[in-house]
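Before any comments, here is the structure.
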Amino acid sequence: MKKIKSTITIILAAMMLMMVSLSLTACGGRSRELRIYNWGYYMCPSVLESFEEWYHETTGRRIRVIETTFTSNEEMFADISSSMLDFDIAVPSEYMVSKMFGNGGSTNYLLPIYDPAWGDDNIVTNLDSIYDRLMNVTNAMTPNDGGRIYATPYLWGTMGIMFDSSVIRYEYVEFWGWTALFRDIPTHTVFNPNASYGAADYGPVALTQEAIDNNSNLEAFVANRIYMKDSFRDSLVAVQGHLNRTRLRAYAAESGWGVGTPAYNLLRDIYANAPTPARIAEYEAELIRQRNLRSFKQHEVDVGKTNLMHRYESRGFLGIFWSCDGYVITENPNIVYHIPIEGSNMYVDAMVIPRFARNERAARYFIYYINKYNAQSPATSAAFRNMTATGAPSGVEQSMIDFRTSLNLDDGVANIFGYTMEDLFEDYRVGDRPTDMLRRDMYTNVVLFPHLYEGEDILARTQYMRDWGASVEHALALMWSRVLVS
């Protein structure tokens, strides 16, 4: 989902779009276009087609939706802020919403989606359909500006550890959490008085019995198996959890994850407060040490989940992934997605209207359409269809509820897999995990709908990222460049 584009490619794309824009403007064509800047593979194509039909029925006007994709928040912001490319809707993550809003500065790159002063002229009138926890996040990124709304949650998820349970035991990942990504995968359990993670390095056995039985040279087998994201923000999720593992787990064991508890406050501070130069140096040292592990494989963006899905021999076995990557279970049912006990990141990708939009009214119609929900016919709603296409939960709460119900009923309405849930979840064991750990529960509850999973506090132990300002972002980018060439 996030790849690096060359400068030349970006410039050429910008010039081509500008030329097309000028040509269309000359004949009035731009007013009949809605341009969306989105992550790759992040919207159901039929949603764009059905919106064009709905827009014509609603307004009497024709419109053509043009979707262009970006691969990182930073790439998107560079294009929007330069004004070289004019888009009517963009889909930044929560911390980038804050940056685009100005983060206390003088430059605001966003136009309102809703303004109470507009009264009956407001188009987006269905914001109450959005899960309030997500709406609170995007509202926090754009501090109260006379009741105006500048961002609406679109799709969201978490970051966690994904691993192949036919090779790595669930108990091993559960015991170590994020630290599992910062240590060589042991071939067996052994007392190690010099271990850097405690006086004794016991812990559970890492490899399943199947992996041990099928490989004569275990030292070679565990080499080059750990994935990390090629992104300093995503990697910070892992290294921060790893370095704070002991304190976070101790606090959580003592008083839980309720708002205001020590564990909650510490995790919030980790994500909210800009890291100091000393802390950045600590992260850099640990990330370089990780890269030199025998078990470390590579920094990647999309290849890791593809390799896990297809079970290539040279693939890794575990790494940090976005929850929407959990769809790989459809091809490799041994895959498990786990949010460590010490907490993680909850990301919220939102829809905004950039300042240089040239069809902002149509943009508001589109945002209304995305959040318009028909509970009597869920599969006809854009929110529902986007979930089936992307594997990421919608911001529309009723859509999430109906989607989960549909999966559990096996009624075929939400058949994102192309076959029945019974086929997918035929084996109810996850590696060596007891039978109460169902794959169905893992996918629908932990990956898609953690806030609907009764008896679990998954979202309570997550926090969202903030914009830390240009100087800190620059320092982190330099740190990351040193990690990559270490």
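Starting from the range 368-394, keep only residues that are hydrophobic (A, V, I, L, M, F, W, C), then list their pairs with residues that are in a helix (DSSP H, G or I) and open to solvent by 50 Å² or more (accessible area, probe 1.4 Å) whose Cβ atoms are within a distance under 7 Å, requiring at least 6 positions of separation or different chains. Correct list of pairs: 375/398.
Of all residues in the range 211-242, those satisfying the criterion of being open to solvent by 10 Å² or more (accessible area, probe 1.4 Å) and touching a strand residue (DSSP E or B) at 6+ places or on another chain (Cβ under 6 Å) are 224, 225, 230. Taking the range 1-82 and the helices (runs of 4 or more DSSP H) fully enclosed by it, the elements with 2 or more residues that are modelled with pLDDT of 90 or more and either under 23 Å from residue 355 (Cβ atoms) or more than 24 Å from the chain's Cα centre (by Cα) (or both) are at 45-59, 73-82. Taking residue 32 as meeting all but one of (1) open to solvent by 60 Å² or more (accessible area, probe 1.4 Å); (2) within 21 Å of residue 153 (Cβ to Cβ), write down the number of the exception. If we test residue 32 against (1) open to solvent by 60 Å² or more (accessible area, probe 1.4 Å); (2) within 21 Å of residue 153 (Cβ to Cβ), just (2) comes out false. Restricting attention to the range 48-95, the residues that are of a type in the set (S, T, N, Q) and either open to solvent by less than 20 Å² (accessible area, probe 1.4 Å) or in contact with a His (Cβ under 8 Å, 6 or more places away or on another chain) (or both) total 2. Per the listing 347, 337, 373, the residue uniquely open to solvent by less than 10 Å² (accessible area, probe 1.4 Å), touching a strand residue (DSSP E or B) at 6+ places or on another chain (Cβ under 8 Å) and not acidic (Asp, Glu) is 337.
Could we say that residue 206 is touching a residue at least 40 places away in the same chain (Cβ under 8 Å) and either within 19 Å of residue 307 (Cβ to Cβ) or of a type in the set (A, V, I, L, M) (or both) here?
Here the answer is no, as residue 206 does not meet what is asked.
Every listed requirement among (1) more than 30 Å from residue 42 (Cβ to Cβ); (2) assigned to a loop (DSSP other than H, G, I, E, B); (3) open to solvent by 40 Å² or more (accessible area, probe 1.4 Å) is met by residue 145 save one, (1).
Here residue 305 meets each of (1) under 27 Å from residue 141 (Cβ atoms); (2) open to solvent by 20 Å² or more (accessible area, probe 1.4 Å); (3) touching a residue at least 40 places away in the same chain (Cβ under 8 Å); (4) not hydroxyl-bearing (Ser, Thr, Tyr) with one exception, condition (1). Within the range 99-109, restricting attention to residues that are in contact with a Pro (Cβ under 9 Å, 6 or more places away or on another chain) and either modelled with pLDDT of 90 or more or of a type in the set (A, V, I, L, M) (or both), the residue that is surrounded by the fewest Cβ atoms within 10 Å (Cβ to Cβ) is 109.
Checking each residue in the range 264-302 for being open to solvent by less than 60 Å² (accessible area, probe 1.4 Å) and among the hydroxyl-bearing types (Ser, Thr, Tyr) picks out 264, 271, 283, 295. Filtered by the rule that a residue be open to solvent by 50 Å² or more (accessible area, probe 1.4 Å) and either within 10 Å of residue 280 (Cα to Cα) or assigned to a helix (DSSP H, G or I) (or both), the range 470-486 gives 470, 471, 474, 478, 481, 482, 484, 485.
The values are calculated or read from the model by the stated rules, or taken from the named source; none is laboratory data. Computed from a predicted model, the values in this text were never measured in an experiment. Cβ: placed from backbone, ideal geometry, glycine included. Neighbour counts: every protein chain shown. With ligands, DNA and RNA removed, areas are computed over all heavy atoms of the protein, side chains included. Shrake-Rupley method; radii C 1.70, N 1.55, O 1.52, S 1.80 Å.
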